[in-house]
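This report refers to the structure that appears directly beneath it.
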Amino acid sequence: MGVYRLYSGDDGKSHIEELTEDALKEIRVDGARMNFAVSQREPGHFSDYHPAPFRRWQVGLVGRTIIGLADGTSHTFEVGDVRLIEDITGQGHTTTYPDGYNVTLQIRPPEE
């Protein structure tokens, strides 16, 4: 299991960083809303560049997700990985669902 942050950089592009154990100790999500997002697509479904629609924590429960960045790199998120998705501006990222079926727990912090 890993914990990652997907964010918009000053260059207008999305970036991924792994959060440290110390950073995790500081995270609190009081007053959050939670929901499950279940999607079924053809295996290998691809979504071109898009920013995230809103800031949220996301935990993969079923299926892998591959996030592609403008620099040509990609990161495969496995079941159990936790992501803080904050790239709500700029070019965004690509998304591929290699397994087709995907279930995530989404935790949306209160509006700031």
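In the set (1) at pLDDT below 85; (2) under 19 Å from Y4 (Cα atoms); (3) basic (K, R); (4) in contact with a Phe, Trp or Tyr (Cβ under 9 Å, 6 or more places away or on another chain), R83 fails one condition alone, (1). Just one of (1) outside any strand (DSSP E or B); (2) among the hydrophobic types (A, V, I, L, M, F, W, C); (3) touching a residue at least 40 places away in the same chain (Cβ under 8 Å) fails for L105. It is (1). If you go through the stretch 1-44 and keep only what is over 16 Å from the mean Cα position of the chain (by Cα) and at pLDDT 85 or above, you end up with D10, D11, G12, E42, P43, G44. Is it true that some residue in the stretch 9-32 is in contact with an Asp or Glu (Cβ under 9 Å, 6 or more places away or on another chain), part of a strand (DSSP E or B) and either more than 23 Å from P109 (Cβ to Cβ) or not hydrophobic (A, V, I, L, M, F, W, C) (or both)? So far as the stretch 9-32 goes, yes, one or more of its residues are in contact with an Asp or Glu (Cβ under 9 Å, 6 or more places away or on another chain), part of a strand (DSSP E or B) and either more than 23 Å from P109 (Cβ to Cβ) or not hydrophobic (A, V, I, L, M, F, W, C) (or both).
The values are calculated or read from the model by the stated rules, or taken from the named source; none is laboratory data. Owing to the predicted nature of the structure, the values given are computational and were not obtained by experimental measurement. Because the Cβ atoms are built from the backbone with ideal geometry, glycine has one as well, and the counts that use them run over all protein chains shown.
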